[in-house]
Each structure stands twice: as structure tokens, then as C-alpha cells.
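Read the structure below first, then the notes.
The values are calculated or read from the model by the stated rules, or taken from the named source; none is laboratory data. Quick caveat, the model's predicted, so the values are computed rather than measured. Neighbour counts run over all protein chains shown; Cβ positions are idealised from the backbone, glycine included.
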Amino acid sequence: MSDSTTHAAHLQHHFADAEQQRESAKLGMWVFLLTEILLFGGLFCAYTIYRAWYPDMFLNAHKALDVTMGGINTVVLITSSVTMALAIRYMQQDRRKQTIAMLSTTLVLAGVFLVIKYFEYMHKIHLGQLPGKYYTFTGIEGSNPHIFFSVYFLMTGLHGFHVIGGMGAIAWLLAKTRKGQFSSAYYTPIEMVGLYWHLVDMIWIFLFPLLYLIG
Amino acid sequence: MDTTSTMFLPQTGSTVAPGVDALFNFLLYLSAFFFLLITGLAIYFSIRFRRRKGEPARLTPNLTHNTALEIAWIVIPTILVGILFVWGFKGFLKLSVIPKDAMEIKVTGQKWFWSFSYPEGATSINELVVPAGKPIKLLMSSQDVIHSFYVPDFRIKHDVLPNRYSVAWFDAPEPGEHNLFCAEYCGTGHSTMIGKVKVLSEREYDDWLSTSVMSGEGMNPAEFGAKLYVSKTCVTCHSTDGRAMNGPTFQGIFGHEVTLSDGSKVTVDENYIRESVLNPQAKVVMGFQPIMPTFQGLLKDHEIDALIAFIKSLEKKDEESGE
Amino acid sequence: MAENVLPEHNYLKEPKGLKSWLLTVDHKRIGILYLIGISVAFLLGGVFALLIRLELLSPGATIMTADTYNKLFTLHGTVMIFLFIIPSIPAALGNFVLPLMIGAKDVAFPRLNLLSWYIYVIGTCIALTSIVLGGVDTGWTFYTPYSTQTTTQVISMTFGAFVLGFSSIFTGLNFIVTVHKLRAPGMTWFKMPLMVWALYATAIIQVLATPILGITLVLLILERLFAIGIFDPAMGGDPVLYQHFFWFYSHPAVYIMILPGMGIISELISTFSRKTIFGYRPIAFSSVAIALIGFLVWGHHMFVSGQSEVAAMVFSALTFFVAIPSAIKVFNWLTTLYKGQISFETPMLYALWFLCTFTIGGLTGLFLGTLSVDVHLHDTYFVVAHFHYVMVGGTVMALFGGLHYWWPKMFGRMYNETWGRISAVIIFVGFNLTFFPQFIMGSQGMPRRYFDYVPEYHSMHMASTVGSWVMAVGVIIMLHYLLSSLRKGEIAGNNPWGALSLEWTTTSPPSPHNFDEQPVITHGPHDYDKVIVERTIPPR
Amino acid sequence: MSARPAEHTTHITPLRVYLGIGATLLFLTGLTVWVSTIPLGEWNVIVALAIATVKASLVAFFFMHLYYDNKLYFLVFTAGILFLALFIGFTMVDTMRRDDLDPEVGKPIRDQAAMYDSLAAQPAMHGEHEGEPAAGQTDSSATPDSAAMHADSTAVPASGH
């Protein structure tokens, strides 16, 4: 098998070479992403079923969400995905400074996303547009509008937790990159976090139209 | 129609039961055949090809494929399960499609009893009374958690859901009595949530209807109350001998003070008993869970009076025994 | 003949100290840690089972109240399923043998493997907290709205199961990557032992199904805390939807339990009849087929729940479809015995028990997949008997067989063969005495989860309870001779069974790095038609 | 497109590909917002989901490198989506078809949870905002009491009688 890319410092003893280790990590990450898809999948299922049962209520309730804020957040997340992809690209070319810049931008954009989300949440809390028994708003026609807000908070909340987790991972990458622990020969962790971050983006790409645009 | 029970199946009490049994028995014989075939061959091979004492290890034949055999054991089971599926689905449709002319009885499940209300306005608890030879549609719902209406002799079962109706039907051709079980776990009293289905001849059913609203005529109120105590299922949770069950005992409480779960005290009098029957959650005795369902609509005024008289009578007995 | 001492370099001794065990990343040690965990869970769940059976010895309250009984059957179910049987074969035995069988030094992510054990321990502690706080009485299925209304400790138990799910996911993820990327040179997909195929198929289910359990339990907890209205009918939710969510995980979970057992049986039957596997590829592919089709049959748990008739029809049809690959496996095992050279050591006895009891479990599954018959049998003791014939008669028999088979590899010593056979026979008799009567009372109409019962069913319950005592005696004997073999057992040598898969080419117990040299694959794992390897201890 | 990259060279995506994909994603975001303002009935849902699927595919194929990488990863990814689709699809075979035989079993008995009874009982609270829910509302009179009240209403649904 290969020998040229063997990088002793990062090669664990049970792997034959760096290529095997990298491919294992990548497959492991994809399988992990698969479990993430199915974890969110339960909520997508709940969304679909209740939307089919109560189409009018969903239509009325989704108007309570702010398309502008949701749209800005979509732009922010997509941009952060681009910067994440670029961070990997620069590391492939051993351009560490640019990688640090791109990772920092990604981190900041993630922060912006959460801040906007925070304002949206506060507004909902203020109005009593809350999940389940905490729902006290009276301006939405149709059966059981609290279910829409349960679904909304569950989906965006779970997504928000993933954004926070991603921010932690990116901050960790930044620290390691600064210390010079990555190079074009070994940048697997950046690649893995990148995959995760793109998935978080991808889920939002579906949440935005489902919740904000078509209810 | 042979209605007697077999080793595996209880007696058949409904028109659909023999059809279900036929399929059950087909499955039984099929399973017995395959079980005997597989274990028989396993035992035969084990004896025939056993390694004898002291025999050295040897190479064994390279048998890895046998196209004919493999096709056979894929195709034959496939055909058999195909038959089972179609037969089972047809039977299922029979159980699910309710005859148009069926008489509708409303069934309500709640912790932990069944109540039935009949088209003529009569009601009954834990005893479903139906005329023989007439299709009966059950329109069922639950007051609390999921229950399941199960009459083994009829081979019918259906979950009873809160906030939704579910339906089942049966036609019992012969008069008789059958067990009714709750088959979906529903808590402490799950195994006591059992009742009877009484199948009466058309004439007996009409008689029952006219007298079903037990008037208590010719009985003194306490006697009538004692009957209601059993028939309206107070007995599942309240003892008359001083034991605490899911609810406090009826013995010796009348006229005495009890402590409520919020710490206040109340005297057990006519008003308190009436309130506890109609609005059980209002004043719960300390040490008990607020689990009693309301009997609003299930008990008539004079029936509550009779129950009160019955509880009073337990008080007297207690005093006489000189505790 | 074996040498008289254990090999100097072995994973049990090297490195030394408790800390080296608790921080180990060696898959063999993690396997042993899991083995300890599942043994404790098995004994705990077993005690619950004995108490349940004792209560049912006679009608009415025998030794406990209805509430205690309800908590006991719930705890028996949750402990046996989440703490014992799901991690049993994959995480305990699988962890130990999978890398050895494919000639790898370890699993792909050793630290993740250790993490998954710690998550298992943490999840177990959280779940057991609910016992300390007063127990749970919902049944292991946590059906809403009962689970949102009961005052018992639903949240700690479901949160524990949620955490345990991650342990299962990480094990599955690890196995998938290990099988794809870490096979020794020359170990092609079709040279893998069938046990590896079974573990691979199991891992696929673990990663595909478990996340849905996770989100289901989160929704259930939130339903209890905030009444979010997804599953609770009082808030506009749908309890039948909960059942879909729950069974989308929990039916495939049944295959998480049985598939690795089938893998063990393939190994045992081939080794002890010294025959190459008949239909290697059909068995391998049927494992994967069961794993995938098994996802599409969950609705057969809901035939009388109020789901639509057309859904019932679809699920019934697919249920029959999944019966075919199981049947193929049984016929292949049977044919493997033909013209073999069969010996009957303890592991093989368990394999034969499996053939008998799993066949009964599988055939009675046909009754339950048949729509009209299931309406009568659903939620009766017939179902209880059916799944115990699959779970105990299938998985646990396979686990016991596998445990005896790899015991000398794990610890380097043999257990007492005579006691092994005696206890195997006792367990088989006790098992059938416990559960066969349950088929009869079930089809006679005895509903499950009943604290009390009408007198018609008394004799069947009595037989069943006596059977549970017989089984307990068998298990106690087994525990005793297995534990005492750790110190006194005869030295086993590398290959006490004369088996051909790779794990038998290394020392017993293996060295910390499994193989001193990169293993070379010279023959398939079941090539008993080409190769004879002498046993390191003579057959009895 | 190479089905499998050479053993140890990693694919470096050109910068213009990343930027081009990014721009396309932003354009599609604008497009889907715009389309959602045009009433197309059922087609709104279909168009929105179609655009989202295109966007997600672009992310997966280019940002996540599925286009260049080992096909196995693509298989893993699609398996996730396939099984999710099966989960939702089979569940809907039940939830959408319950009233096939009996119309009365299809719908819940009460289509509003019990808590709305007490919400309706305090109409003064939000009454003036009815019909314009998203308008920047300033007063919130959701009292903690009312929330607690709902918590208690274990809500026994309407009786079958």
C-alpha cells in the first residue's frame, strides 16, 4: 500500500497507513451524518404528518414567522458554508493564515445566525407563540396552533444546538490550526468538521422554506 | 357449528370466529410440519454424522450449493406465506367491514372499567348485553389512556383510544356468556378491567332492556346500593372491610372526619359523597392518587342516594361490631 | 497438546492495574468490560423475571401489589432489552471477536469504542436511578398517553434509554468502518466469517434505526414536560403516531438482537460439524436482506391499534417477506450438518437448541403476521411466548453458545465440559417449560401484562413458573463453572476446537495487539473440506 | 468525474467552483422567497421543496465533495434519505387513510385541545390583534397563572356519549 504520505505523528498504531486512517475517518463521519439525518428525520416526519392533518392551521401559523429574519439567516449560513469549504481548500494548499481567516469568519457567521435566532425566539416568547401548554397567543385560526410552534421550536431548537456544537468544533480547529498542527498532509479534522457544518447548513436549507415560506 | 374449545383455542362465540380458527389451525399444522421436518432432520443428521469416540478429524465433503434444493426452499415458503397473507387479509376485512344493518352500542373505556350505552338509552357497566344473532357495531372511545376491547371467544380485539373513535363489530349467534378483557396495558387496575359479554335471546334482551334501568323497586335503598356497589364497579377500588385499595375503604367512614390531600379536613356526609362521585378530583383523601373517574351521567340521582345509604349501613355495622 | 501456562504477553495481564483497564482502548478489554456490564444486567433482569413468575404462580395477589408487579415487568423489559440484549452479542462478544476475525489490530476508532462503553455505563446509571426513585410502570414500550400521565419515573428511564442509544450507535458506526477499512490483506468480503457479516448487518440497523429512538424519546420527555401535543391526544396529538415512531426503531431493534445470534450459530454449526457452510452467500446476503426489509414491517405491532387497514395490509405483506431470508438461513444450517463430523460440546448443544427454539419462534411469528389471526393473538401471552422464543430461545441461546465457544480464547482456559453440558440441558428444559405453556394460554385468550388472571389459566401459569425455576438453576450452575474456570480451568491453547477462522491462529488469550505478525489468509473461515487443524485439546 | 481519486492525491476544488456554487445558492434563496409570494396553491410546496433539494444537492456534491469522492459515501448519504422517506411514507399510509372504512374514525373527537377553552375565556388579552398575528406586538399579557392552569388540565377528552 502507500508509503509516501505516511505521517507518523498522526498515524494510530492500528492503521496500516495515513490513507487508510483518513478514509476510515471519512466513512465514520458520513455514517455519523447519516444518523444525524435520521435524528432530524423524526421531526421532519412529525412536521409532515401534522401539516397534512392541519393544512389550514399550518398556513395561518407560519405567517407568524418573520421571512426577512429567516432569509437573512439563510444567507448567513450559506456564506458560512462557503467560508468553511474555503478553509479546507486553503489548508490543502498549506495556506495557514487564510485558513485561520476563513475559520474565524465561519465562527463569526455562526454567531450572527444565533443572535438573529435569539431575537426571533424572544419575539415569539413575548407573544406567547410557544410550544404546547405554554402557548397563550389567540390570534391564529385553526385547530391546535400550538402544535405548529412545538414543531417550529423543536426543529429550529435542535438545529440551534447543532450550530452551537459546530461553533465549539470550529473554535477547537482554530486553536489547533494556530498551533500549526495541520498541514496539507494532515487536515482530516478540518475536513470532518466541514462535512458536519455543511450538513447543518443543508438542514437549514430545508427548514427555511418548510417553516417560513410554505408553513 | 362446533363451539367447543380446543387445546389452543377457546370456544367460538361469534360468526367470524370459525373462519379465524380455520386459518389458525392451518398455521398450526403447517408449523407442526415444518418444525418436525427441521428438528427431525437435525436429530437424524446429528446421530448419523456424529463424530465417534477417538475418531480423528477428517476432511468433509465440499457441499456448498444445490440449485434445485435452494430454489425449492425459497419458492415453497414464498408460496405458502403468499397464501397466508391473502387468507389473513380476507379474514381481516371480514373483521373490519361492519355490516350496514348493525346495531350501534357505544363503548367507553376508562380506568378501570367499561361502560356501554345502548341505542334505547340504557347503560351498563362491565357487562355488555346483546341480542343473539344480530350484528353489533361497537363505537368505542376512551376517557383517559389507551385500552383494548378484547373478547377471546369472539376473536375480536381493537384498541380504544382517547379523543378518537374506533370501531369493531361482532355477531354472536348463540346465547351465552363470554369473557371481556382489556388487552392494552392501562395501569394499576389493568387486570381487573374485565367484564362479561352476555348474549341473550331476542326476547330476553327486550326484557333486559325494559328492566335494565335498575329502579331499585322493592328493595330498601341500602340493599339497592349494595347491588350498585358491585355493578357500577365501586368494588374495584373501595373495600367494605377496612382495607385500603386504590381508594379509601367504605367501612366506617360515614359521619367521620377525613384529612384531604391539601391538609384540610372534611366530614364524610351525604354532600361529600355526592361530590366525590360526580367530581372525584375536588377533594381527594390524603394518601390516595386522584385517579377516580367521574360518574356524572353514569349514575342517576336515586342511585347515588342508594349508594349513600349503603355506605351509611356499613357505618352501622361497624358500630355494632363494637370496634 | 497445549502448553501448561498461559502465554506471557496477553491482553489480560498487559498492561497491569485497574487504571489500565478503565482507560483501555483495546477492543478485547472493552469487550470484557461490556461482558461484565451485560452479565450484571442479565442477572438483574432475571431476578425481576423470577419475581414476576412467582407472582403469577396463583391467581390474585401472591407476593406483591399490582403496582409493584407493573413496575417489575416494566423494569424486566427495559433492563433486558436496553441494558442486556442489545449490547450483548455486538458490544460484548462482537467487540472481542470482530477485529480478530478479520485480522485487524483493533476497531477503527478505539477511543470512540471506550467512549461508547462509558456512555453505556452512564445510561445504565440514569436508567437505574428511576428504580431508586420508585420505578416506572409504563411497560418498556412507554406508550402515550399512559406514559405522559403516570406519576412514576418515566423521564429518568427514557432519558437513560436515550443515552444508551448513543452507545449503540457508536458501536455500530465503529463496526461498519472497521469492516470496510480494516480487513487484513487478502480478507475479501466473501472470505469473512459469517459472524462478521451478521455483525455488519446489525451495525447497519444500529446506525439507521437508533437515531429515531433518540428523537422519539426526546419528544416523549418534552411531551411530559411541556405537553407539546405531538403524541398526547389531550393536546391534539396522536398516540398511534407515537407507536409508529417507537416501532420504527424497536422492530429493527429485534433484528439488532437476533442477527448477531444467527452469526454465532453459523460459526458454531460449521466448526462443530467440521463442514464448510452450505450456502455461504445466501446466509451472508440474507443477513443484509433481513436488516433492510426489517425496517419496513414495524406496523405489524399495530394491527389493532387503530392504524389504517391499508397500512395493516402493507405491513402484513412485508412481514411475510422478511420471513423468507430467515427460513433460508435455517435450511442452510440444517444442510450444513449433512455429512459432517458432528461433535456435541456445549457450544454445539446451544446451537442445536437454537435450531429448535428459533424455529418455533419464527413459525409462531407467522401466526402474528397473519392479519385475522393476529387480531385474536395480539397482546396475549402468545406474543410473550413468541418473542421469548426468539429473544431467549434465539439470541440468548446463541449468546451462551458463543460465550462458551470463545471463552477459551478470551481467558485462555477451558470451563468444565461435563457441567457445561448438564447446565445446557437444564436451561433447554427450563426454557421450554417456561414459555411453551404461554403459547397455549395466549391463544386461549390470556392478555399480557396482567397482574391477576381468571382461574382458567392457572395450570399453565403454574407450569411456566416452575419452568422459570429450572432455568434459574441452569444459569446458576453455568455462572459457577464459568467463574471457577478462570482460575482452575485447563489451559486451552490457541485452538481448542480445531476451528479455521483467524481468531484461532493467535494465542489464547491474544497478545495486546492481537497478532504478533500480520496474519496471512491461506484459506476461508469455513474450509473444512480443505484443511484440518488439530485441536489443541482433544475432543471429549 | 473520476469515480475514485488516485490513491494519495487529494482533489483540490478550484476557487471559482466554490464561489460559483455559493452565488448560485444565494440566488436560489432569493428565488424561493420570491416564488413563495406568488400564490400557486399546492405548487408552492412543490416548487419550494424542489429548490431546496437543488440547493442541498449542490452543497452535498461540491462543498461536501460527494461529486469527487468515493461512491460509498454517496451511498451512505442516500441511504439516510431513503430510510427517512420510507419512515415518513409508510407512516402516512396510516395517518392519511384511517377513514377508509369508517368516516368517524378518521378525525379526532375534539379538534381543539382543552386548553383553548380557557384561552378563549380571556379574549380581551389578545383580541385586538386577531388577524394580524405577526404585527410587532408589544404587550404580552400571558400570565404565569394561565400557563400553570393549562398544565393542570390533564384534559379528559369529550366522552363518547
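Quick one: would you say A:L154 is at pLDDT 95 or above and away from every other protein chain (no Cβ under 14 Å)?
Criteria not met by A:L154.
Considering only residues that are assigned to a loop (DSSP other than H, G, I, E, B) and of a type in the set (A, V, I, L, M, F, W, C), which ones fall in the stretch C:496-540?
C:W497, C:A499, C:L500, C:F515, C:V520, C:I521, C:V531, C:I532, C:V533, C:I537
Among the candidates B:A32, B:A22, which residue alone is loosely packed, with under 15 Cβ neighbours inside 10 Å, under 29 Å from B:K196 (Cα atoms) and either free of Cβ contacts under 8 Å to residues at least 12 places away in the same chain or not aliphatic (A, V, I, L, M) (or both)?
Only one candidate qualifies: B:A22.
I'm told C:I230 meets every condition in (1) part of a loop (DSSP other than H, G, I, E, B); (2) more than 9 Å from chain A (Cβ to nearest Cβ); (3) buried (at least 24 other Cβ atoms within 10 Å of the Cβ); (4) of a type in the set (A, V, I, L, M) except one. Can you identify the failing condition by its number?
Condition not satisfied by C:I230: (2).
Can you give me the number of residues within the stretch C:123-180 that are within 12 Å of chain B (Cβ to nearest Cβ) and among the aromatic types (F, W, Y)?
The number of residues fulfilling the criteria is 4.
Looking at the stretch D:54-81, which of the residues that are under 25 Å from A:I49 (Cα atoms) and within 7 Å of another protein chain (Cβ to nearest Cβ) is surrounded by the fewest Cβ atoms within 10 Å (Cβ to Cβ)?
Filtering the stretch D:54-81 for residues that are under 25 Å from A:I49 (Cα atoms) and within 7 Å of another protein chain (Cβ to nearest Cβ), the one surrounded by the fewest Cβ atoms within 10 Å (Cβ to Cβ) comes out as D:I81.
Without any contact (Cβ under 8 Å) to a residue 60 or more places away in the chain, more than 14 Å from chain C (Cβ to nearest Cβ) and either within 23 Å of C:D232 (Cβ to Cβ) or surrounded by fewer than 23 Cβ atoms within 10 Å (Cβ to Cβ) (or both), is that true of B:F149?
So B:F149 fails the test.
Among the residues of the stretch C:315-324 satisfying the criterion of being modelled with pLDDT of 95 or more and more than 7 Å from chain B (Cβ to nearest Cβ), which is surrounded by the most Cβ atoms within 10 Å (Cβ to Cβ)?
Ranking the qualifying residues of the stretch C:315-324, first place goes to C:T319.
If C:F387 satisfies every condition in (1) among the aromatic types (F, W, Y); (2) crowded, with 23+ Cβ neighbours inside 10 Å; (3) part of a helix (DSSP H, G or I) but one, which is the exception?
C:F387 satisfies every listed condition except (2).
Given the conditions (1) in contact (Cβ under 8 Å) with a residue 12 or more places away in the chain; (2) farther than 30 Å from C:L220 by Cα; (3) in contact with a Ser or Thr (Cβ under 8 Å, 6 or more places away or on another chain), and given that A:R89 satisfies all but one, which numbered condition is not satisfied?
So the condition that A:R89 fails would be (1).
Which residues, taken from the stretch B:260-283, are surrounded by fewer than 19 Cβ atoms within 10 Å (Cβ to Cβ) and in a loop (DSSP other than H, G, I, E, B)?
B:S261, B:D262, B:G263, B:S264, B:D269, B:N279, B:P280, B:Q281, B:A282, B:K283
Hey, does the stretch B:146-160 have a residue that's in contact with a Pro (Cβ under 9 Å, 6 or more places away or on another chain) and among the hydroxyl-bearing types (S, T, Y)?
Checked the stretch B:146-160: at least one residue is in contact with a Pro (Cβ under 9 Å, 6 or more places away or on another chain) and among the hydroxyl-bearing types (S, T, Y).
What are the pairs, 6+ residues apart or on separate chains, where a residue within the stretch C:271-299 that is more than 12 Å from chain B (Cβ to nearest Cβ) has its Cβ under 8 Å from a residue that is among the polar types (S, T, N, Q)?
From residues that are more than 12 Å from chain B (Cβ to nearest Cβ), the pairs are C:I290/C:S326; C:A291/C:T202; C:V297/C:T319; C:W298/C:S250; C:G299/C:Q307.
Looking at the stretch A:157-192 only, could you name the residues that are touching a residue at least 60 places away in the same chain (Cβ under 8 Å), under 19 Å from A:L11 (Cα atoms) and in a helix (DSSP H, G or I)?
A:L173, A:T177, A:T188, A:I190, A:E191, A:M192
Among the residues in the stretch A:184-203, are any under 30 Å from A:G142 (Cβ atoms) and either under 16 Å from the mean Cα position of the chain (by Cα) or crowded, with 21+ Cβ neighbours inside 10 Å (or both)?
Yes, some residue in the stretch A:184-203 is under 30 Å from A:G142 (Cβ atoms) and either under 16 Å from the mean Cα position of the chain (by Cα) or crowded, with 21+ Cβ neighbours inside 10 Å (or both).
Going by the conditions given, is A:L195 touching a Phe, Trp or Tyr at 6+ places or on another chain (Cβ under 8 Å) and either of a type in the set (F, W, Y) or modelled with pLDDT of 95 or more (or both)?
Yes; evaluated as a whole, the condition is true for this residue.
Pick out, from the stretch C:36-148, the helices (runs of 4 or more DSSP H) lying fully within it that include 3 or more residues that are over 30 Å from C:M192 (Cα atoms).
Passing ranges, in order: C:66-78, C:110-132.
Looking only at residues in the stretch D:82-105 that are away from chain C (no Cβ under 11 Å) and at pLDDT below 95, which one is surrounded by the fewest Cβ atoms within 10 Å (Cβ to Cβ)?
D:P103
Being among the charged types (D, E, K, R) and not in a helix (DSSP H, G or I) is the filter here, so list the residues in the stretch D:47-77 that pass it.
D:D69
Quick check, is B:S96 crowded, with 19+ Cβ neighbours inside 10 Å and not assigned by TED's automatic domain parsing to the domain that holds B:G189?
Considered against the rule, which asks whether it is crowded, with 19+ Cβ neighbours inside 10 Å and not assigned by TED's automatic domain parsing to the domain that holds B:G189, B:S96 comes out as yes.
Sort out which residues of the stretch C:262-289 are of a type in the set (K, R) and closer than 14 Å to C:F331 by Cα, and write them in order of number.
Result: C:R281, single match.
When residues of the stretch B:74-105 are filtered for being in contact (Cβ under 8 Å) with a residue 12 or more places away in the chain and within 14 Å of chain C (Cβ to nearest Cβ), how many remain?
The qualifying residues number 8.
Which one is nearest to D:R110 (Cα to Cα) among residues in the stretch A:131-150 that are in a loop (DSSP other than H, G, I, E, B) and among the aromatic types (F, W, Y)?
A:Y135
Looking at B:T108, B:T123, which one is surrounded by fewer than 19 Cβ atoms within 10 Å (Cβ to Cβ), β-branched (V, I, T) and more than 14 Å from chain C (Cβ to nearest Cβ)?
Criteria check complete, one pass: B:T123.
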